[in-house]
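The values are calculated or read from the model by the stated rules, or taken from the named source; none is laboratory data. Keep in mind the model is a prediction, meaning the values are calculated, not measured. FYI the Cβ positions are ideal-geometry reconstructions off the backbone, even for glycines, and counts take in every protein chain you see.
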Amino acid sequence: MSSAVAAAAAAAAGTPPPPPAPPTAHQAQHGEYVLLRLSNGSERVVRLPLHPDEVSRLDSVPKKSITGGPSHVLNLGRFGSLDLYQLVGLNFGWTYERIGTGAGRLVPLATEEVDRADLHSVQAGLAIEAADGRTSADNRNLIDTNTSQDLTQDDILKLKGEGVSGAELIDAIIAGSKTFAEKTEFSQAKYIKRKQERHLRTIQILKTSLMNVAEHYYTRHPSRIMNIRPDTLSQMLSYANVQPGARVVVLDDCGGLVTAAALSRVGDSGLVVGLSTQFEEPGFEVVSTLNMPADQLDRTLLRSTWYHLSLSSEDIISEGAPAPGAGAEVEDSAMPAAAVAGRKNLAERRRKRQLCRAAARDELMRGNFDSLIVAARVCPMEAVRLLVPLLAPSRPFAIFSRSSSALAPTMAALRSQQMALDGRPTPYAGDEPDDAEDDAMPADASTTSPLPRAINLQIHDTWTREYQVLPGRSHPFMNMPGAASGFLLTGIRILTDPDSDAPEPLAGLQLLLSEVNQLRKRARQVTGSSTYWGISSNPVAGTSTGVSTDESAAAAVSTEEPVAAAASTEEPVAAAAVEQ
Amino acid sequence: MHRELIGKRFGSRVRGRAGTRGGRGQGRRQAAGKANTGATPGGGWAYLLHPSPELWTVSLPHRTQILYVADISFITMQLNIQPGSVVVESGTGSGSFSHSLARTVGPTGHLHTFEYHAQRAELAAEEFARHGLADRATVRCRDVCELGFTEELRGQADAVFLDLPSPWLAIGHARDALNPRVPTRLASYSPCMEQVQRTCLALRDLGFSEIRTFETLIRPHALRGASQRSLESLARYGTRELAALEEAGADSANAEAVAAIQQKLDLSRVTAEQVARETQVSLGPQLVMGQEMRGHTSYLTFATLYPGLWSEDAAATAEEAVAGGPAESQPSAAVPTEEQPAPEPAEGAATAAAAAAGSPSPSSSSTPEAADASE
């Protein structure tokens, strides 16, 4: 989104933002994340390069990383490479054919080429054809002898080498097919479609949406998002009643997918506290793909790691301050100006992140949240004990788990407690749900803090399938791209003592955090350490988990940092490499 | 009962009166009561909850079939509905989805919902007013298939949702209501595949792309105190006491205990229930598939309208062809034959749909085909 980039540029360079770009919301913009769909069936989420004018305003950044170099040339394997600059200004949803060698050109795909592989245009299915009395070839004489094609692979390569267009090549292949004429109309269309997928290099550029991004990650990178299928994600938002203006807590080990989903629903007036169980905030890569304005993200997203919650706000902020003398060191060194600026940027970003963590902590301590979503590899019972009390009474929660049995003891404990309160016999008489829990977890503040009360409890999963709908040939797709998702435990928190007007006691999390905070202080005195967390004292925050990713991705989240432009266009490319 | 609720905190508990099954959700400003129908003679407990669209869906007065949370959630995400979105819906029905839409678009967006049944439209309007949603949801009584979505809404909508018996008759009107300057989305909700097929053809002929159809169902899992029969206990039933008998038998003062043990050893005096009870092993609470699951709600068809991918003229002709044809021309489902098309990977087919619809201008051949369909 150009306004976001512009705002980021202004923030970085200290100049007022430039006038907004003309509204061309149906075309891909500089600096925007888009979804690319290729004719060979693969998909990429990429960020388009910034406008050169914007880049020139970012004097603090080494320009080469944005304007030149390979970072905006996307290598798409057999598809060839693609210069991302070419995509700027293309129409969303259109199909473009890539012509020529090297980076090539992109031209809208000819209508006739689209039509001749249109399976819908084959009027009616087999049964209808017969009813119509229309004659059509059938497949009875088709024998797979592997000799039905006159053209050899070498012939095809030779034609390609001569610069024949994709359509001409497909014509030649059809002409060379001994069996094409004998195929049914439908088979012919499918044959052409297959040849197009192979020989036409087409690309579709799509505006990112929560839906297509969620589906992209689910089908291409399921392990990064805990296999949360889009339908399940959509239900989390409903069951947790995420709405404009809501204050939402999200525990997210899904690359920011759930945080992004919540952000897209709370709008400009809400707030999402996005927590991660990692030691450093991982790149919430999915958040940036939705192109939310940077200033809106600044207002509505507070990120922290679970670890940082146990520091007091003062501790967190002092931790982020540059060590005494560090600034002078930078000035004195003979580093190139760009490197100095880069270092400064990094320090600035780190400080900003610390402030964000402190704010997230303060916000959590305030409690009274409207919605809670847990999508992380944590014990559901702990999540309920520590996080559900952060909700205001009568506010809903949704907890995702890939395993239903992980959720069962939690639901049993909540329900047994509730039935006891209501004077109803527990349905699991004789069973001790607490046993399982005690086995699974160490006795700790999280287990000793009382279980909150909740009603409307439900565990469910979702069964979704897609259909091929063609005239006379409709049926569910025979392959589902990754059918697995997981289970949701949903419910509504009620008052700790639902019969009294007494104020709510301090939540278990608040007690746990203040206790740990004291312990950390003592531990620091004992060890004489100057910081709480070793990795934070390192200016580049080097850890074995790969900090360059952390840094660049974290910056990309707020889309505020020009460095991110280069880094994040590279990121999906790297992902692509892994994929192939 | 409602008077007792005033002044209570949300999340607190009140005793339901005998004979009442707890309060139904009575509105956004008041309380949606969640009833616990316990066995207490004086009526169950009720909890005072903030109303939410999800609670409204399970407690609203049914005037029609309604949409439930699985379909509602999926459609909302597929339609890319966000705070500030302008959404057009037809028909309103019982207002289940309408409440959820009004929640999601927020105070900066708007829901325009159309219902051809005058009384339903009136009741829905009353509900919106009572629930504090009147400023963000407008109900109009209108047959959209015939009259369209009003001139006022031309080019205004970010998304259109159709829950109509003949959705294909409204797709041309829906296209008029959609904002032509940005990519917009449409969803259609139909229980029958014949409706879906016709809708998909109309969508394609009217310039929509990325036409995809789904079905989504929630499977509730119930918690049961599960116990299972122990094979070894069952095999050994009535023999374990032998050792005890021998031990007790040595002490003649224990006549009573011996008699009890002997009774256990005598299988002719044991009931089947007793055996069942004594050979059970408890597994603790276990999840089992719930008894109640919907087998089918409706097919959900989604499509995108991209600026520049359709032209007024071609689309208008196609529209005439789609709207003009009698309903019985719809090809019925193919009888199963051995020559069903080969299984096709979902991905490939999705690309096919996208590629098929992705031409820069609508195919000129679409008009005769549409005519064919309505012959």
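Before moving on, here are some points about what is shown:
- Those residues of the range A:260-279 which are farther than 20 Å from residue A:492 by Cα, surrounded by 22 or more Cβ atoms within 10 Å (Cβ to Cβ) and either away from chain B (no Cβ under 13 Å) or among the β-branched types (Val, Ile, Thr) (or both), in sequence order: A:274, A:275, A:276
- Candidate set: the range B:65-82, residues that are touching a helix residue (DSSP H, G or I) at 6+ places or on another chain (Cβ under 7 Å) and not in a helix (DSSP H, G or I); chosen: the one farthest from the other protein chains (Cβ to nearest Cβ): B:66
- In summary, strands (runs of 3 or more DSSP E) completely within the range A:185-301 and bearing 1 or more residues that are of a type in the set (Ser, Thr, Tyr) occur at A:202-207, A:271-276.
- In the set (1) modelled with pLDDT under 85; (2) part of a loop (DSSP other than H, G, I, E, B); (3) surrounded by 17 or more Cβ atoms within 10 Å (Cβ to Cβ), the condition left unmet by residue A:41 is number (3).
- Given (1) assigned by TED's automatic domain parsing to the domain that holds residue B:190; (2) crowded, with 16+ Cβ neighbours inside 10 Å; (3) of a type in the set (A, V, I, L, M, F, W, C), number of the condition residue B:147 does not satisfy: (2)
- Helices (runs of 4 or more DSSP H) enclosed by the range A:310-429 - at least 2 residues per element that are modelled with pLDDT under 85 and in contact with a Gly (Cβ under 8 Å, 6 or more places away or on another chain): A:337-366
- Among the residues of the range B:117-132, at least one is more than 18 Å from residue B:64 (Cβ to Cβ) and crowded, with 18+ Cβ neighbours inside 10 Å.
- Residues that are touching a Pro at 6+ places or on another chain (Cβ under 8 Å) and within 23 Å of residue B:146 (Cβ to Cβ) were ranked within the range B:171-188; the one that is nearest to the other protein chains (Cβ to nearest Cβ) is B:180.
- Residue B:226 modelled with pLDDT under 80, within 56 Å of the chain's Cα centre (by Cα) and within 14 Å of chain A (Cβ to nearest Cβ): yes
Residues checked against (1) outside the structural domain of residue B:282 (by TED's automatic domain parsing); (2) outside any helix (DSSP H, G or I); (3) touching a residue at least 12 places away in the same chain (Cβ under 8 Å):
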position	(1), (2), (3)
B:176	yes, no, yes
B:188	yes, yes, yes
B:194	yes, no, yes
B:198	yes, no, yes
B:201	yes, no, yes
B:211	yes, yes, yes
B:226	no, yes, yes
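- In a residue-by-residue description of the range A:464-477, the property of being of a type outside the set (Asp, Glu), over 24 Å from residue A:239 (Cα atoms), surrounded by fewer than 16 Cβ atoms within 10 Å (Cβ to Cβ) and outside the structural domain of residue A:382 (by TED's automatic domain parsing) applies to at least one position.
- Any hit, the range B:259-272, residues being at pLDDT below 85 and facing chain A (nearest Cβ under 9 Å): no
- For the range A:476-489, the count of residues that are within 30 Å of residue B:8 (Cα to Cα) and at pLDDT 75 or above is at least one.
- Only one of A:221, A:216, A:199 that is away from chain B (no Cβ under 11 Å) and touching a strand residue (DSSP E or B) at 6+ places or on another chain (Cβ under 6 Å): A:216
- Residue, modelled with the highest pLDDT, within the range A:490-503, restricted to residues that are within 7 Å of another protein chain (Cβ to nearest Cβ) and assigned to a loop (DSSP other than H, G, I, E, B): A:494
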